[in-house]
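Worksheet: the structure to be examined is printed underneath.
The values are calculated or read from the model by the stated rules, or taken from the named source; none is laboratory data. These numbers come from a predicted model, not from an experiment. Neighbour counts are summed over all protein chains in view; Cβ atoms, including those assigned to glycine, are modelled from backbone coordinates with ideal geometry. Protein only, heavy atoms only, side chains kept; ligands, DNA and RNA dropped before computing areas. Shrake-Rupley method; radii C 1.70, N 1.55, O 1.52, S 1.80 Å.
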Amino acid sequence: MIGRLLPWPKRAALIALGLSGFLLAGHVTPAQAQTLPVCAVDLDGNGDAGDPGEVASCTATADDAWLCPIQRVMCEADAEGAYSCPLGSQHPCLTPVGGGTPMCSPNACTGSDGAGIEDDPVLDDPGAPADGEVDAEGHCLGNIEIFAGRAVRCRPAGLKTTFSNCCKDRGKIVKDGMGSSISSIGTKIAVAKGVFTGMKAAYGAFKAGATAGQAASSGANAIIAGIDPTSIAISLAINFMMDFLLSGCDSQDMEVGMLRGSGMCHEVGTYCSSKILGICVQKSKGHCCFNTKLGRIIQEQGRPQLKSFNRLGWGTPKNPYCRGFTPEEFQALDFSKMDLSEYYSEIEARAQADIQIDMKDKIDAYMRVIGQ
């Protein structure tokens with residue numbers, strides 16, 4: 001795929017405008033890409049133009065105009081040699097720069113200044129602060145939120161991701177923060193934050209010119225800097241980041257992909273995050289991601305019990321509502337009505353695996369002692 005082979009500066013310029021290597025064949029400079037009009041058409045009628053071939057770069061004409069190549073046809077000449085568009089008189093006949101028979105298209109092009117391209121900003125939710133101000137006796141002066149989450153998004157296959165599925169689960173990479181491998185409360189809270197820091201570090205290094213492997217290593221180092229290294233499968237994380245960096249995915253896509261695959265995110269829904277002339281070319285999936293898998297489970301099981309969440313629920317896909325429980329709400333939860341089997345089964349499986357590892361280590365140590 002051409003989008004995977006282009007150097008980062010060129011690929012970034014193409015992605016920024018919603019263009020991909022499929023359409024431009026890799027022969028457009030960043031300066032050209034920033035002023036090149038495009039057009040989009042929902043050819044398969046599925047409600048968006050997010051599939052390959054549904055967005056194209058427009059071609060310049062001798063009439064100082066731009067022509068969309070999608071569904072274009074040759075104009076027809078009458079007895080007097082005047083041309084008209086067979087698709088309707090509302091579509092102008094435009095002559096190619098090199099001359100020849102004029103052509104027309106039913107599809108409009110964006111302006112050379114980017115007019116007609118709409119991109120929603122990336123969700124920027126820092127979440128509830130881990131530590132706030134306290135009084136002389138150590139009592140918290142701010143709002144206390146229990147199992148608070150962050151509103152984030154990832155993008156399925158579409159134009160802006162060079163048709164890579166940036167929401168695809170890559171398996172369990174981050175161990176739940178309530179597991180036995182993590183000892184302190186501070187470290188438990190730091191797991192998801194560490195993933196966020198690592199993804200930003202990897203993405204920044206890659207944009208600065210590092211190889212995917214170098215950038216992934218940088219991201220892995222940033223992840224484990226503030227958390228117990230046993231809370232994350234480092235080799236899997238590095239492979240995960242390399243795979244994402246070589247696609248059109250950004251740092252938040254990577255963060256959500258890793259946490260989502262580890263069971264820490266609740267998907268709220270899908271919305272359109274990029275449009276060309278009003279036609280959707282890229283969708284996004286809004287999530288609430290939590291510091292632990294247990295936090296996500298209790299949020300999903302507990303919210304239906306509380307009237308305070310009845311009106312807003314999980315918010316909207318574009319603006320997920322991810323606040324934590326107040327102390328009063330948390331005390332009102334009836335845990336006997338919650339199904340925590342998903343979490344219990346994981347603890348049991350992890351405990352069995354830990355026992356097997358401990359036994360193997362002891363046997364290996366014994367064999368070394370006796371010289372076998």
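Can you go through 169, 176 and tell me which one is under 27 Å from the mean Cα position of the chain (by Cα), modelled with pLDDT under 75 and of a type in the set (Asp, Glu)? Full working, then the answer.
On the way: 169 fails: modelled with pLDDT under 75.
The conditions single out 176.
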Can you give me the number of residues within the range 300-339 that are under 30 Å from residue 121 (Cα atoms), among the hydroxyl-bearing types (Ser, Thr, Tyr) and either open to solvent by 50 Å² or more (accessible area, probe 1.4 Å) or assigned to a helix (DSSP H, G or I) (or both)? 3
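Going through the range 304-328 one residue at a time, which ones are more than 31 Å from the chain's Cα centre (by Cα) and free of Cβ contacts under 8 Å to residues at least 40 places away in the same chain? Step through it out loud before you land on a result.
First, the residues of the range 304-328 that are more than 31 Å from the chain's Cα centre (by Cα): 307, 327-328.
Within the range 304-328, 307, 328 meet the criteria.
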Matching residues, the range 248-299, being part of a loop (DSSP other than H, G, I, E, B), open to solvent by 10 Å² or more (accessible area, probe 1.4 Å) and under 30 Å from residue 37 (Cβ atoms): 250, 277, 278
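In a loop (DSSP other than H, G, I, E, B), of a type in the set (Gly, Ala, Ser) and open to solvent by 50 Å² or more (accessible area, probe 1.4 Å): is that true of residue 209 in this structure?
On the way: in a loop (DSSP other than H, G, I, E, B): yes; of a type in the set (Gly, Ala, Ser): yes; open to solvent by 50 Å² or more (accessible area, probe 1.4 Å): yes.
Here the answer is yes, as residue 209 does meet what is asked.
Limited to the range 46-95, what total is found for residues that are of a type in the set (Asp, Glu) and either at pLDDT 95 or above or more than 20 Å from residue 159 (Cβ to Cβ) (or both)? Working first, answer last.
Looking only at the range 46-95, we keep the residues that are of a type in the set (Asp, Glu), and these are 48, 51, 54, 63-64, 76, 78, 80.
Then keep just the ones that are either at pLDDT 95 or above or more than 20 Å from residue 159 (Cβ to Cβ) (or both); that gives 63-64, 76, 78, 80.
Selection size over the range 46-95: 5.
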Taking the range 40-84 and keeping residues closer than 17 Å to residue 107 by Cα, hydrophobic (A, V, I, L, M, F, W, C) and open to solvent by 40 Å² or more (accessible area, probe 1.4 Å) leaves 43, 60, 66, 73, 74
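Would you call residue 222 open to solvent by 20 Å² or more (accessible area, probe 1.4 Å), part of a helix (DSSP H, G or I) and among the aliphatic types (A, V, I, L, M)?
Details: open to solvent by 20 Å² or more (accessible area, probe 1.4 Å): yes; part of a helix (DSSP H, G or I): yes; among the aliphatic types (A, V, I, L, M): yes.
So residue 222 fits the description; yes.
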Selection from the range 140-169 of residues charged (D, E, K, R) and open to solvent by less than 60 Å² (accessible area, probe 1.4 Å) yields 150, 153, 155, 160
Where the second residue is part of a loop (DSSP other than H, G, I, E, B) and charged (D, E, K, R) and the first is surrounded by fewer than 18 Cβ atoms within 10 Å (Cβ to Cβ) and lies in the range 100-127, which pairs have Cβ atoms under 8 Å and are six or more apart or on separate chains? 120/318; 122/250
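Taking the range 63-108, which residues are part of a strand (DSSP E or B), over 42 Å from the mean Cα position of the chain (by Cα) and not aliphatic (A, V, I, L, M)?
Filtering the range 63-108 down to residues part of a strand (DSSP E or B) leaves 66-67, 73-74, 76-77, 83-84, 94, 96, 103-104.
This time we only want the ones that are over 42 Å from the mean Cα position of the chain (by Cα), so: 76-77, 83-84.
Listed by number, the residues that qualify are 76, 83, 84.
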Candidates 346, 328 - the one that is touching a helix residue (DSSP H, G or I) at 6+ places or on another chain (Cβ under 9 Å), of a type in the set (Asp, Glu) and at pLDDT 60 or above: 346
May I ask you to list pairs of residues, at least six apart or on different chains, whose Cβ atoms are under 6 Å apart, with the first in the range 131-151 being within 23 Å of residue 196 (Cβ to Cβ) and the second being modelled with pLDDT of 75 or more and of a type in the set (Asp, Glu)? 150/125; 151/125
